[in-house]
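The values are calculated or read from the model by the stated rules, or taken from the named source; none is laboratory data. In this text, all values refer to a predicted model and were calculated from it rather than measured experimentally. No Cβ is skipped: glycine too gets one built from the backbone with ideal geometry, and neighbour counts run over all protein chains shown.
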Amino acid sequence: MTDWQELRGGVNVVHRSGDVVRRPTTSAAPAIHRLLRHLHAQGFHGAPHPLGLDADGRERLTFLHGDVPATLTPQLRTPALLTSAAILLRKLHDASATFRPRPDDAWWLPAREPDEVICHGDAAPYNYVVRNGEAVGLIDFDTAHPGPRVWDVAYAVYRFAPLHGPDNPESFGTPQEQGRRAAAFCRAYGPGVGAEVVDVVPERLRALISFMRDRAAHGDEAFQRHLAEGHADAYEADIRHVRAHRATLRAAFEE
């Protein structure tokens, strides 16, 4: 595989050759591939298109051209990226609303009620494809699952506002500024999500911590490493930050 370029993410190692990406499969792959085909059929092309499996059982997907930022550097903390990320997530949700899950779909994350849409499950800067300062695509649908819109938006807002405490190295802005960015994201997303997203963030992070611990307990080395590196502790600190500044964050939605 000398012509394959290795791309390392937070969990998976994937390989790219031209416009094709090979990556490890999960038990959710059949459902996710049906979802991706459905999204494209609905006119949403901001996601990879599945090309089946290779001889070694790895999934093959189309490559989305652009940059995938590991974090929101100062150059990326722009209204254009914030609002385009929200609009893209809205388009994804709207296209997924007519997708019909099957009883035997093995989603990595549990379905949540109300199952309004198919949540991406990890809509963070590191899974957005960016071109010319705007979000044009989403990758890594491993954690996709049925759920309410606000559940997915809550994690995106947590990452893009960002709703991080001052000790988080990816944090920036005062609570007032974070609240304004959260409100701007939700306004760009459109109807269906408002100030209540602030209260969903702690619940969403608690679910993430539980997921990480469960995967680690089942031998997943990537999540074992994340726990050892203190990721869960960082989420706990951010939960405290959001709760401590709840009134300030929610007030930004009234400005």
- Within the stretch 28-57, the count of residues that are under 14 Å from residue 140 (Cα atoms) and either in contact with a Cys (Cβ under 7 Å, 6 or more places away or on another chain) or part of a loop (DSSP other than H, G, I, E, B) (or both) comes to 5
- Task: Can you run down the residue pairs with Cβ atoms below 6 Å, 6 or more apart or on separate chains, where the first is in the stretch 15-39 and not assigned by TED's automatic domain parsing to the domain that holds residue 106 and the partner is part of a helix (DSSP H, G or I) and not basic (Lys, Arg)?
- Result: 39/95
- Taking the residues in the stretch 9-27 that are assigned to a strand (DSSP E or B) and farther than 16 Å from residue 122 by Cβ as candidates, determine which candidate is modelled with the lowest pLDDT. 13
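Take the residues of the stretch 172-190 that are under 19 Å from the mean Cα position of the chain (by Cα) and among the charged types (D, E, K, R): which is nearest to residue 71 (Cα to Cα)? Outline the logic, then answer.
Residues of the stretch 172-190 under 19 Å from the mean Cα position of the chain (by Cα): 178, 181-190.
Now restrict to residues that are among the charged types (D, E, K, R): 181, 187.
Values: 181: 16, 187: 23 Å.
Per the stated criteria, the residue is 181.
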- Task: For the stretch 83-96, state whether one or more residues are at pLDDT 95 or above, part of a loop (DSSP other than H, G, I, E, B), at negative phi and out of contact with any Leu (no Cβ under 8 Å at 6 or more places or on another chain).
- Result: no
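Return a yes/no flag: does the stretch 213-220 have any residue that is of a type outside the set (Gly, Ala, Ser) and surrounded by 19 or more Cβ atoms within 10 Å (Cβ to Cβ).
First pass over the stretch 213-220, keeping only residues of a type outside the set (Gly, Ala, Ser): 213-215, 218, 220.
Filter once more, so that each one left must be surrounded by 19 or more Cβ atoms within 10 Å (Cβ to Cβ): none.
No, that holds for no residue.
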